[in-house]
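Read through the structure below, which is laid out as structure tokens, and then see the notes.
The values are calculated or read from the model by the stated rules, or taken from the named source; none is laboratory data. Everything numeric in this text was worked out from a predicted model, so none of it was measured. Positions of Cβ are generated from backbone atoms using ideal geometry, with glycine treated the same way; all protein chains shown enter the neighbour counts. Areas reflect the complete protein model, heavy atoms only, side chains present, ligands, DNA and RNA absent. Shrake-Rupley method; radii C 1.70, N 1.55, O 1.52, S 1.80 Å.
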Amino acid sequence: MNDFRMPSLGADMEAGTLVEWKVAPGDRVRRGDIVAVVETQKGAIEIEIFEDGVVRELAVAPGSLVPVGALLARLEGQAEATDAAPAPAPAPAPTPPPAPAPPASMAPASLEPPARPRVTPAARRRAAELGLTLEGLHGTGVAGAICLADLPQARPLRAGGFEPLGMRRAIAAAMGRSKREIPHYYLGQSVDLSPTLDWLERLNAGRGPSQRLLPAVLMLRAAALAVAGSPELNGFWKEEGFRPGEGVHVGWAVALRGGGLVAPAIHHADRLPLDALMAAMRDLVTRARSGGLRGSELTDATITITSLGDRGAESVLPIIHPPQVAILGFGRVAERPWVVDGAVVPRRIVQITLAGDHRASDGHRGGLLLARIEALLQKPEAL
Amino acid sequence: MSTTAPPRTTYREACRQAIRAAILADPRVFLMGEDVGRYGGCYAVTKGLLEELGEARIRDTPLSESAFVGAGIGAAIAGMRPIVEVMTCNFSLLALDQIMNNAATIPHMSGGQFAVPLVIRMATGAGRQLAAQHSHSLEGWYAHIPGLRILAPATIEDARHMLAAALDDPNPVLIFEHIMLYNMEGELDPAVQGVDIAKARLRRPGHDVTLVTYGGSLFKTMAAAETLAAEGIEAEVIDLRVLRPLDTATIIESVGRTRRVVIVDEGWRAGSLAAEVAMRIMEEAFFELDAPIRRVCSREVPIPYAAHLEQAALPQPETIAAAARGLVRPSA
């Protein structure tokens, strides 16, 4: 029997409120399955499980505030689960091999089909919209039906998804810690983005609006590729020292309407081609703003990128998100006089900045990273 | 009485004024039916009109519903605007062939060459110990027939103004006046000069449950809503007004707000107008529902003569309130 405990979804998370179970006892789960929704200062987060097995017991009820590390559920591992299953009846004649035994979780204690819960149409639709399961809810409607009033959250769970005060406190704690503990060094590079943007405009001209790429995705792609070659800027600073990240998981900073920001990870951003990266970015921004981020997206980022966008400032000196060791900043693209082949010409320039943790890397390595990003951006067709 | 207060009147008087005004306004309009002239109408709606308007406009007919409804259809086709009074809907069965096979079909079967701008008024409903043969609510039956427009004025304002709109309609219109409403007193706003005959109307706003009703059941339903309000349940009351064509949009809009529905209909439950309303909700607002739809209809018996049995057979404020309560607070 293995314990599934409340994960830490950020350096400063002390506890989370279990909003909903996505599994019930007897359910088979696989590593990566979403098993619960937990409300944190960063909003409602879907929690994944890290091992295969069968859920045996849910230790806390929805609505409970659970400290990080406290027991959420007990899980039977693969081997145990198989042992626990009733042994298949021995075949009288072994010559034709018996059909494979059903998986353990398919052999429930009772053979009676479970009674179909009564759910009103409105409650069923609302639950589907909110991604709630109806398992385990107590119906108080007509004939004991689960009705709207019985859903765990009468208010839409993920409208906004983030609680502004809690988020402010989380940002204050993380940024305060960063500035207290991390000796930042800052580097900046002005990059002529004109050829890149010319190429992008030609590409987009042949595409429908929903298929077009944003300049940010080119910069993200270039940065992710470059970071893959700079392991000392990609990872975590732990008590024992620097630990490189397993893959380039770029935390993409998303400003939330109504204040606050969150930087969920795009996993293996260096392996995603441009279109896939664009789709991942759109999806992430949508979910960050509406709620529905996953726990792994909040904990896995190995480096963060903050892109200020069309209406942002020209450059940013960003603050590292602990325990990461670097953060990249993209400023607003602005037309500026630029010297090309001895002549001053108007060019579209972007300021790319880097804040590095001097405990983990030195400025020289950071400079190489910026130079590599610039070089990659000059050949957009190769991105 | 202050000069600004709207004058008080009765539903009966509103019906009379509607007929009088229509006849005075249009030389093509006349009223005919059994006992409408010298007797003044079986519910005294037309009392005094013969004396004022003369025999050409207020015409007594023989006791032959089929004949005088048929005459009305002919007059309408010929360019008149007849108002035919069938004493009660119970007797309209004798004219059903004229109504269903002629009035409703001729405009269609003639390819639009003949309009039938006929209005038929009839009393409907139970509650006055008139026993099983004289207590029917047949408006739901008539609402089944394409080609007819079916009206159920439940308020003094609708009693006063629906007739003019019905006469303006080029197709046959049937108006069902509930017998328990004639003595109802109330105010009539002189500023209102007309009403539509297309839309249902919200008679009371609420958010917990929608009570859909019409005609004689409206005020029972309003009383039920008062009872519920005292218990903290806010019922929305919809007066259908027009039973055919049904204003489904108003019902669906309300269901979207309240998610619970009780339909109150004095007709018998099986194959009733209430069944049609419920089915429209299922078709168009199934996913809005947070509770099953309930109906409060008449018991499936010939309406009894004995007063206590008659009252027990009909929808009552208590049974309406109980049905709504059962949806909003099922465990209470």
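Taking a virtual spin label 7 Å from the Cα of residue A:169 along the C-beta vector, which residues in the range A:1-44 bring their backbone nitrogen under 16 Å of it?
A:9-18, A:39-44
With everything on Cα atoms, drop me the angle between helix B:248-258 and the longest principal axis of chain B, reported from 0 to 90° to the nearest 10.
On a 0 to 90 degree scale, this one is about 20.
Per residue of B:284-292, count partner chain C-beta atoms within 10 Å of its C-beta, then hand back the mean as an integer.
Neighbouring Cβ atoms belonging to other protein chains average 6 per residue here.
Using only the alpha carbons of chain B, what is the convex hull's orientation-averaged projected area in square nanometres?
That works out to 17.8 nm², a quarter of the Cα hull's surface.
Using each residue's phi in the range A:184-199, evaluate 6.51 cos²θ - 1.76 cosθ + 1.60 at θ = phi - 60° and report the 3J(HN,Hα) Karplus result to the nearest Hz, with x for Gly and Pro.
Whole-Hz 3J(HN,Hα) from phi for the range A:184-199: 6, 10, 10, 10, x, 9, 8, 10, 6, 9, 4, x, 4, 6, 4, 4.
Quote to one decimal, in nm, the extra length available between residue B:8 and residue B:198 on full extension: 0.36 nm per residue of separation minus the C-alpha distance between them.
The residue B:8-residue B:198 span can extend by a further 65.8 nm.
With the full set of protein chains in place, find how many percent of the accessible area of the range B:133-219 is carbon and sulfur; take the probe as 1.4 Å.
Whole-percent figure for carbon plus sulfur exposure: 53.
Enumerate the lysines that residue A:238 could reach by cross-link, defined here as Cα to Cα under 28 Å, with residues fewer than 8 away along the same chain left out.
Here the lysines satisfying the reach criterion relative to residue A:238 are A:42, A:179.
Answer with one residue from B:313, B:286, B:255: the one whose Cα lies farthest towards the positive end of the charge dipole of the range B:201-328, charges on Cβ with Lys, Arg +1 and Asp, Glu -1.
Highest projection toward the positive end goes to B:313.
What is the Cα centroid distance between the range A:211-270 and the range B:257-310, reported in whole angstrom?
61 Å
Apply the Karplus curve 6.51 cos²θ - 1.76 cosθ + 1.60, θ = phi - 60°, to the phi angles in the range B:226-236 and return the couplings in whole Hz, x for Gly and Pro.
4, 4, 5, 4, 5, 9, x, 9, 9, 9, 9
Check residue B:31: other-chain or 5+ apart residues with amide H under 5 Å from its amide H, H built from backbone geometry?
B:58, B:59, B:83
In nanometres, what is the gap between the two model label sites at residue A:185 and residue B:60, each 7 Å from Cα along Cα-to-Cβ?
Reported label-point gap for residue A:185 and residue B:60 is 11.7 nm.
Using Cα positions and a limit of under 22 Å, work out the lysines in reach of residue B:220, with same-chain residues fewer than 8 apart set aside.
Partners found: B:199.
Under a 5 Å amide H to amide H cut-off, with H placed in plane at 1.01 Å, what residues pair with residue A:266 once short-range neighbours are removed?
The list, which skips near neighbours in sequence, is A:250, A:251, A:252.
Defining a contact as two alpha carbons under 8 Å apart and six or more residues distant in sequence, what relative contact order in percent does chain A show?
Relative CO of chain A lands at 17 percent.
If you average the C-alpha positions of the range A:274-348 and of the range B:164-203 separately, how far apart do those two centres end up, in angstrom?
Here the two parts' Cα centres lie 67 Å apart.
Using the Karplus curve 6.51 cos²θ - 1.76 cosθ + 1.60 with θ = phi - 60°, work out ³J(HN,Hα) for each residue of the range B:280-297 in order, rounded to whole Hz, and write x for Gly and Pro.
In residue order, the calculated couplings are 4, 5, 4, 6, 10, 9, 3, 6, 7, 6, 10, 6, x, 6, 10, 10, 10, 10 Hz.
Ignoring ligands, DNA and RNA, how do B:286, B:68 rank by accessible area with a 1.4 Å probe, largest first?
Accessible-area ranking of B:286, B:68, largest first: B:286, B:68.
Taking the Cα centre of the range B:201-328 as origin, sum charge times position over the Cβ atoms of Lys and Arg (+1) and Asp and Glu (-1), and report the length of that vector in debye to the nearest 20.
Here the range B:201-328 has a charge dipole of around 120 debye.
Any idea of residue B:144's accessible area? Nearest 10 Å², probe 1.4 Å.
140 Å²
Sorted by accessible area with a 1.4 angstrom probe, largest first, how do B:16, A:30 fall?
Most to least solvent-accessible, the answer reads A:30, B:16.
If each DSSP helix of 4+ residues adds -39,500 (n - 2.57) and the sum is divided by the residues in chain A, what number results at 222 nm, nearest 500 deg cm²/dmol?
Calculated mean residue ellipticity at 222 nm is -8000 deg cm²/dmol.
Could you tell me the relative contact order of chain B? Use alpha-carbon pairs under 8 Å, at least six residues apart, and round to a whole percent.
Reported relative contact order: 16 percent.
Sum -39500 (n - 2.57) across every DSSP H segment of at least 4 residues in chain B, then divide by the residue count to get the 222 nm mean residue ellipticity, nearest 500.
It comes out at -10000 deg cm²/dmol, rounded to the nearest 500.
For a test of the definition: using alpha carbon positions, the gyration tensor, and the 1.5 limit on a/c, classify the range B:190-285 as rounded, prolate or oblate.
rounded
Rounded, prolate or oblate: which one fits the protein assembly as shown, using the alpha carbon gyration tensor with axes a ≥ b ≥ c (rounded when a/c is under 1.5, else prolate when a/b beats b/c, else oblate)?
Cα axes put the protein assembly as shown in the prolate bin.
Please list, or write none, the aspartates and glutamates whose alpha carbon is within less than 15 Å of the alpha carbon of residue B:47, excluding same-chain residues fewer than 8 places away.
Cross-link targets: B:13, B:34, B:35, B:55, B:60, B:85.
What residues have an amide H closer than 5 Å to that of residue A:22, excluding those fewer than 5 places away on the same chain, when H is modeled at 1.01 Å from N in the peptide plane?
For residue A:22, the qualifying residues are A:36, A:37.
Out of the trypsin sites (Lys or Arg not before Pro) in the range A:251-287, which ones are loop residues according to DSSP with at most 15 other C-beta atoms within 10 Å?
Those that pass, being in a loop and sparsely packed, are A:257.
If we count every other residue with Cβ under 14 angstrom of residue B:281's Cβ, Lys/Arg +1 and Asp/Glu -1, where does the sum land?
For residues surrounding residue B:281, the net value is -3.
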